[in-house]
């Protein structure tokens, strides 16, 4: 779980640095490849956010099922533990990088 959160934070940092570099070169903004990259970055961030939400929904469903009778009996017999949500601790990293070329 920590590896996944670290990878997500690494991606966010790399995207931020890319945006800073692209702002320094106005000709790069008008490039067709850069516009496609911008669209792809936005799409990727949306997919990551959707996957994060789907994961957290699944974790909540699992944790609820684990605590409700009669599933709680089976969970207790087999030592099922509660799953952790994928959370980003720093509020600044929760926001998607702004893509503006």
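Highest first, please rank the peptides 77-88, 8-19 by the mean number of other Cβ atoms sitting within 10 Å of their residues. Walk me through the numbers on the way to the answer.
Details: 77-88: 11.2, 8-19: 13.9.
Put in order of decreasing packing, that is 8-19, 77-88.
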Checklist entry - How many angstrom separate the Cα center of the stretch 5-20 from the Cα center of the stretch 45-78? => result 28 Å
Checklist entry - If r is the Cβ-Cβ distance from residue 84 to residue 46 and R0 is 30 Å, what FRET efficiency results, to the nearest 0.05? => result 0.80
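Here, each number is a calculation from the coordinates, and none is a lab measurement. Please read these numbers as outputs of a predicted model, since none were measured by experiment. We place every Cβ from the backbone using ideal geometry, glycine too, and count neighbours over all the protein chains shown.
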